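> I have a structure here, written as structure tokens, and I will follow up with some questions on it.
The values are calculated or read from the model by the stated rules, or taken from the named source; none is laboratory data. Note that the coordinates shown come from a computational prediction; the quantities given were computed from them, not determined experimentally. Please note: Cβ atoms are built from the backbone with ideal geometry, for glycine as well, and neighbour counts cover all protein chains shown. The area values use the complete protein model at the heavy-atom level, side chains included, leaving out ligands, DNA and RNA. Shrake-Rupley method; radii C 1.70, N 1.55, O 1.52, S 1.80 Å.
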Amino acid sequence: MSSSSEPQQLTFYRFEASPFSHKVALALAEAKAPHKVCEVDLFNKPEWFTAKVNPVGKCPAISYGGPEVAPEDPSPQSEKIAESAVILEFIADLYPESGLLPKDPVLRARVRYFIDVVANKLVLPSFAFSNGVEPYENILKGVDAIQDLLPETGDFAVGDTYTIADATLIPFAARLQIVWKTELGKFAPGEGRKLGEELQGPKYTKFMRYLNTMMERPSTKATYDEELIVALYRKFYS
Ligand SMILES: N[C@@H](CCC(=O)N[C@@H](CS)C(=O)NCC(=O)O)C(=O)O
């Protein structure tokens, strides 16, 4: 595939309810990046997806460049890119003026450090709690670490603009609310509610202020369908 400074066709293969796909949806929305969406049914994964898009079979993935073709039959001339963290950096590189990755090297390092903390200290404990293998206290430790990084004032995770650090945190932070509202998960009854009580208590004011602000942001509203996710959790945990 030839490279060019003008963004080319981009097809986003997603499973809408997935937080990893949500990261990419947020970055595309914030960059105002023209793209096509192809929903992949992960419960009934189509053969073409693994054969032609992502051999690992996971969403999100994108195809970039090459001719305009049907998403189910991507061109061999397009680049196929997987892994949400890689795709987010790619979108930031395609749209440098979006500010998704700041130009300043120090801010770039802070964005990447923030992303590392979210991945290791919030995402892993959140899945472990929902699968009934770790207590919610491990999530709170992750939120502590994130809260320490959040600024005292201002809306964003790092610096003065929306970055891929925000697009990485919001999908998982938003889904914590579903855990405490619905108690859907393999944890003991009442544990989800206790998590919610802790997070809405005085210790986590800064984190909740950040989250509430981000939930009102147009890119979040355009990409987050709580009912759809609750329906998936019901299917998954029943
Ligand atoms: N590390 C990957 C994780 C993606 C992932 O686990 N996606 C799940 C949906 S939440 C998936 O596609 N699962 C289907 C499968 O594993 O077959 C990323 O960040 O993109």
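> Need pairs with beta-carbon distance below 6 Å; first residue more than 10 Å from the ligand (Cβ to nearest atom) and of a type in the set (A, V, I, L, M) and within region 11-26, second in a helix (DSSP H, G or I) and at pLDDT 95 or above; sequence gap 6+ or separate chains.
Cβ pairs passing all conditions: ALA25/THR223; LEU26/ALA167; LEU26/SER219; LEU26/THR223.
> LYS23: at pLDDT 95 or above, crowded, with 18+ Cβ neighbours inside 10 Å and not acidic (Asp, Glu), yes or no?
Yes: the conditions hold for LYS23.
> Could you go through region 97-116 and let me know if any residue there is among the β-branched types (Val, Ile, Thr), assigned by TED's automatic domain parsing to the domain that holds PRO171 and within 21 Å of the chain's Cα centre (by Cα).
yes
> Only one of these conditions is not met by SER3: (1) at pLDDT 95 or above; (2) more than 16 Å from the ligand (Cβ to nearest atom). Which number is it?
(1)
> When region 219-238 is examined, which residues are found to be over 28 Å from LYS186 (Cβ atoms), in contact (Cβ under 8 Å) with a residue 24 or more places away in the chain and open to solvent by 40 Å² or more (accessible area, probe 1.4 Å)? Steps first, answer last, please.
Initial filter on region 219-238 (over 28 Å from LYS186 (Cβ atoms)): 219, 221-222.
Checking which are in contact (Cβ under 8 Å) with a residue 24 or more places away in the chain leaves us with 219, 222.
The answer is ALA222, and nothing else.
> Where the second residue is polar (S, T, N, Q) and the first is within 17 Å of ALA174 (Cβ to Cβ) and lies in region 115-132, which pairs have Cβ atoms under 6 Å and are six or more apart or on separate chains?
From region 115-132, the pairs are ILE115/THR168; VAL118/THR168; PRO125/ASN138.
> Next question, about the same structure. Restricting to region 49-75, what's the tally of residues that are more than 11 Å from the ligand (Cβ to nearest atom), open to solvent by less than 30 Å² (accessible area, probe 1.4 Å) and free of Cβ contacts under 8 Å to residues at least 40 places away in the same chain?
So the count comes out to 1.
> Taking into account only those residues within region 76-97 that are of a type in the set (Gly, Ala, Ser) and within 18 Å of CYS38 (Cα to Cα), which is farthest from the ligand (Cβ to nearest atom)?
Quick first cut of region 76-97, residues of a type in the set (Gly, Ala, Ser) only: 78, 82, 84-85, 92.
Imposing the further condition that a residue be within 18 Å of CYS38 (Cα to Cα) reduces the set to 78, 82, 84.
Numbers: SER78: 18, ALA82: 7, SER84: 4 Å.
Per the stated criteria, the residue is SER78.
> Further question on the same structure: Sort out which residues of region 222-233 are assigned to a helix (DSSP H, G or I) and in contact with a helix residue (DSSP H, G or I) (Cβ under 8 Å, 6 or more places away or on another chain), and write them in order of number.
Selection gives ALA222, THR223, GLU226, ILE229, VAL230, TYR233.
> What number of residues within region 189-218 are part of a helix (DSSP H, G or I), more than 24 Å from VAL133 (Cα to Cα) and among the basic types (Lys, Arg)?
Number satisfying all stated conditions: 3.
> In region 145-176, what residues are without any contact (Cβ under 8 Å) to a residue 40 or more places away in the chain and either open to solvent by less than 10 Å² (accessible area, probe 1.4 Å) or not in a loop (DSSP other than H, G, I, E, B) (or both)?
Answer for region 145-176, where residues must be without any contact (Cβ under 8 Å) to a residue 40 or more places away in the chain and either open to solvent by less than 10 Å² (accessible area, probe 1.4 Å) or not in a loop (DSSP other than H, G, I, E, B) (or both): ALA145, ASP148, LEU149.
> In addition: Of the conditions (1) closer than 20 Å to MET214 by Cβ; (2) touching a Gly at 6+ places or on another chain (Cβ under 9 Å); (3) surrounded by fewer than 19 Cβ atoms within 10 Å (Cβ to Cβ), VAL118 satisfies every one except a single condition; which number is it?
Just one mismatch for VAL118, condition (3).
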